[in-house]
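Please read the structure below before turning to the comments.
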Amino acid sequence: MKANQKSFLRYMDGTDKQFIIPVYQRNYDWQRKHCVKLLEDIDLIIEKDLQQYFLGSIVSTHSTEGNSEFSEHLVIDGQQRLTTVTLILLALYKLLKNDSIQSNSKTLKDKIYTSYLVNQHSCDEAKRIRLKPIDKDNNAFLSIFEDDFTPSNDIEAQNINIIANYLYIEKELKTKFQYADPSSIDAFYTGLSRLMIVDIELSAEDNPQLIFESLNHAGKKLEESDLIRNYILMNLSAKEQEKFYKYYWHPIEVNTNYQTSEFIRHALSYKKGEVPNKNRVYEEFKRYIDDVLKKDTLEAVLKELKTLSQYYGYLLKSNSGWKQLDTAIESLNDLGVTVCYPFLLDVLTKYYSMGELNEDETLKCFKIMETFIFRRSIVGLPSNALNKFLVGLAKKIKNSGSNISYTHKLAYVLAKENNCRLPSDEEFKYSLLTKEIYNGQKRVCEYLLGKLEHYDHKEPVDLEQCTIEHIMPQTLSSQWHAELGSDSERIHKQYLHTLGNLTYTGYNSKYSNSPFKAKLEMDKGLNESRLRLNQSVKNKQYWTESAIKSRGEELAELALRIWAYPSNIPIADEQKEQEPTGLLIYLSDEYEDGDVTGNKVKTVTIFGTTYPITSWKELYTLTFELLAKKDELLFKQVAQGKLFKTSTECRRSPHQLPNGYWIETGWSAITILNYVMKALKGFQASDEDFILQVDQ
């Protein structure tokens with residue numbers, strides 16, 4: 001390694017010399033703010049009469065291929081600075097050439113052109129231009145040299161950084177120097193010549209990849225995929241770099257919409273069965289590929305990655321060309337969840353590459369996954385364990401038996417999980433009816449209403465111009481208070497953001513908080529709506545608590561059909577006829593602290609319905625939410641005790657019930673059990689109405 005300090009222009013000066021940005025480098029990605037800073041630095045040099053201004057280092061190595069008389073510098077680090085300084089020089093040259101600006105020096109224009117921009121005597125057109133960016137940037141860069149360069153009407157061209165930055169630099173220089181004294185251009189060129197770098201030239205003994213990694217910590221941080229690309233390509237010959245980049249790496253980038261880091265993270269999750277940390281994808285990939293290369297070739301690895309990137313592209317862009325699959329992917333993507341991508345890569349591989357799944361099974365896998373994700377979102381189950389669970393899902397399916405279909409295995413595994421379970425119909429419907437779906441889950445709410453509107457509809461209405469409407473408005477007027485009755489505040493608080501009160505309309509601002517009758521009968525009112533969601537609303541004379549509950553029930557039943565719980569879920573042989581394990585606690589049982597402390601709850605049966613639960617706190621909140629809904633009058637009688645408080649009185653993890661009451665949830669297991677039993681007894685519940693299953 002040789003390191004020398006020199007001026008930037010001296011580094012660029014010379015004959016038969018070319019700076020090549022290797023294909024494994026990222027695109028030129030400096031933005032306008034970086035160009036602004038560089039131009040300001042040059043102004044500072046002039047203003048302060050600085051003799052030197054350090055701009056960083058440029059690391060390069062000489063190409064070992066080609067004409068030995070021609071000096072090719074492969075730029076390992078520093079392409080952003082090198083490219084931007086070249087753009088400044090090119091803008092100066094073209095402005096001087098067109099007489100847009102003037103210099104006292106008659107030779108400045110030619111000096112810039114022959115010393116820094118071109119190899120004047122080169123017979124090889126590919127080597128005539130001094131700087132050679134990677135392919136996409138190079139085409140844009142070469143176009144700037146053309147005399148008829150006019151990208152002003154080409155929006156796509158303007159979005160390429162190298163063109164956008166050139167246009168900005170040219171405009172700034174022209175504005176600044178067009179009417180200035182010619183000496184100001186000479187001063188600017190002098191400032192440019194005082195930019196200093198450290199020229200680091202690597203020898204054959206140096207490891208370019210290690211040096212590149214160490215430099216990355218100090219400069220603008222590279223994406224994980226940039227480091228991976230460099231690791232794969234850097235030590236190959238120039239011809240192999242071109243080949244692998246053209247046939248493998250670039251198609252991978254295009255397939256994945258240049259979201260290559262995230263793709264590789266999901267691909268590694270799929271291949272290894274564990275999720276890499278987002279900031280350690282490169283390190284995990286190195287370990288993976290070093291292990292794979294012991295028994296396979298680099299080209300084979302890239303070929304597999306390219307195939308996976310094609311499937312990943314289907315997931316991102318819904319562009320497989322198979323209409324039913326693309327529709328299923330769009331539905332899943334509407335939820336904005338990518339955590340299932342590693343599993344879906346496995347599904348697509350089994351269908352496209354291995355032939356292990358047929359069309360029907362493949363589509364069912366996507367529908368089951370959509371149902372799984374959506375039901376959990378509505379019920380509000382935690383998502384922190386999903387990553388790990390879904391990455392290992394394919395292995396769980398493989399180990400779940402061999403005499404049933406793949407989709408039945410999938411449904412079985414999802415149904416039998418605990419923390420990552422598929423919510424039951426009872427849980428799903430209860431949450432649809434009681435949860436504030438609009439509040440804090442707007443995307444999920446839009447997805448839900450959209451699916452309810454379009455389900456099995458041969459002439460669906462475009463909802464693009466529609467927004468979510470609260471039929472009972474978010475701010476109650478005096479008319480609304482009168483229509484809802486003496487309990488209006490509670491009704492408003494309990495049902496405002498629930499499914500029964502929500503719809504779509506294109507006239508949200510017009511409806512505002514108008515009375516219900518006005519919303520129906522006004523011009524473009526609900527009575528004129530073509531939306532399926534609004535048909536049952538038209539039949540109501542008043543919008544009351546019972547109307548909201550009735551519509552909620554109707555829509556919840558439709559949701560149960562759209563996101564149906566998989567039917568005929570098989571039971572593993574070892575679980576058939578098996579009695580429930582663990583301790584069963586009934587309402588008449590009496591327990592002291594030591595009897596339940598440390599035990600984990602599994603399920604609870606309340607008034608005939610069984611709910612999977614994962615914590616004592618969940619038992620507590622679920623019980624009181626069910627009681628609040630079961631009998632309002634009886635609930636108020638029970639609430640006269642000390643179990644319920646106002647929000648200001650709650651000190652231990654307060655939780656608000658749908659009817660406005662508050663409970664504290666930060667209790668011990670035995671306290672929660674006693675409070676739950678006390679409340680249920682107030683509802684005249686029997687042993688059959690409460691059965692709690694816990695692990696012993």
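FRET efficiency for Thr475 and Asp148, Cβ-Cβ distance as r, R0 = 60 Å, nearest 0.05? Efficiency computed from Cβ-Cβ geometry: 0.50.
Taking the average, over residues, of other Cβ atoms within 10 Å as the packing measure, peptides 653-659, 71-77 rank 71-77, 653-659 from highest down. Here the chain carries DSSP beta bridges of which approximately 75% are antiparallel, counting only pairs with both residues inside. For Lys127, the lysines whose Cα comes closer than 19 Å to its Cα, not counting residues fewer than 8 places off in the same chain, are Lys17, Lys111, Lys136, Lys239.
Output the pairs from Lys6/Lys243; Lys442/Lys678; Lys429/Lys538 with a Cα-Cα distance over 28 Å in this structure; if there are none, say none. The partial results should precede the final answer.
Values: Lys6/Lys243 35 Å; Lys442/Lys678 37 Å; Lys429/Lys538 24 Å.
Where the Cα-Cα span goes over 28 Å, the pairs concerned are Lys6/Lys243; Lys442/Lys678.
Accessible surface of Arg421, taken over heavy atoms with a 1.4 Å probe and every protein chain present, rounds to 10 Å². In straight-distance terms, cross-link reach from Lys323 covers every one of the lysines whose alpha-carbon lies under 17 Å from its own, apart from those fewer than eight places away in the same chain; here that gives Lys364, Lys367, Lys458.
Calculated on C-alpha atoms, the gyration radius of segment 339-494 divided by its Kirkwood radius gives an Rg/Rh of 1.09. Relative to the longest principal Cα axis of the chain, at what angle does helix 32-48 sit, 0 to 90 degrees, rounded to 10? That helix lies at roughly 50 degrees to the long axis.
What accessible area per residue comes out for the chain, rounded to a whole number of Å², with a 1.4 Å probe? Let's see the in-between values first.
Working: 34050 Å² over 696 residues.
Heavy-atom accessible area per residue stands at 49 Å².
Packing, taken as the mean count of other beta carbons within 10 Å per residue, orders the peptides 46-53, 162-169, 9-16 from highest to lowest as 162-169, 9-16, 46-53.
Asn403 to Tyr352: FRET efficiency via 1/(1 + (r/R0)^6), r the Cβ-Cβ distance, R0 22 Å, to the nearest 0.05?
On the way: r = 25 Å, r/R0 = 1.15.
For Asn403 and Tyr352, the calculated efficiency is 0.30.
Taking the 1.4 Å solvent-accessible surface of the chain as the whole, the part contributed by carbon and sulfur is 46%. The amide H of Thr603, built 1.01 Å from its N in the peptide plane, has Ile613, Gln693 as neighbours under 5 Å, considering only residues 5 or more places off or on other chains. In straight Cα distance, which lysines are under 18 Å from Lys174, not counting same-chain residues fewer than 8 positions off? Partners within reach: Lys37, Lys94, Lys97, Lys109. Packing here is the average count of other Cβ atoms within 10 Å per residue, and on that basis the peptides 306-318, 540-552, 29-41, highest first, run 306-318, 540-552, 29-41. In 10 Å bins starting at zero, report the fraction of Cα pairs in the chain per bin as a rounded %. The percentages, shortest bin first, are 2, 12, 17, 16, 15, 14, 12, 8, 3, 1, 0. For the chain, the longest principal axis of the C-alpha atoms and the axis of helix 298-317 are separated by about 50°. Take the Cα of Asp49, step 7 Å toward its Cβ, do the same at Glu489, and the gap between the two points is 7.8 nm. Once the Cα atoms are used to define both axes, helix 359-379 deviates from the longest principal axis of the chain by about 70 degrees. Extension gain, Lys272 to Ser550, is 95.2 nm, computed as 0.36 nm per intervening residue step minus the present C-alpha separation.
The values are calculated or read from the model by the stated rules, or taken from the named source; none is laboratory data. Just so we're clear, the structure is a prediction, and the values are computed from it rather than from any experiment. Cβ sites come from the backbone with ideal geometry, for glycine too, and all protein chains shown count toward neighbours. The area values use the complete protein model at the heavy-atom level, side chains included, leaving out ligands, DNA and RNA. Shrake-Rupley method; radii C 1.70, N 1.55, O 1.52, S 1.80 Å.
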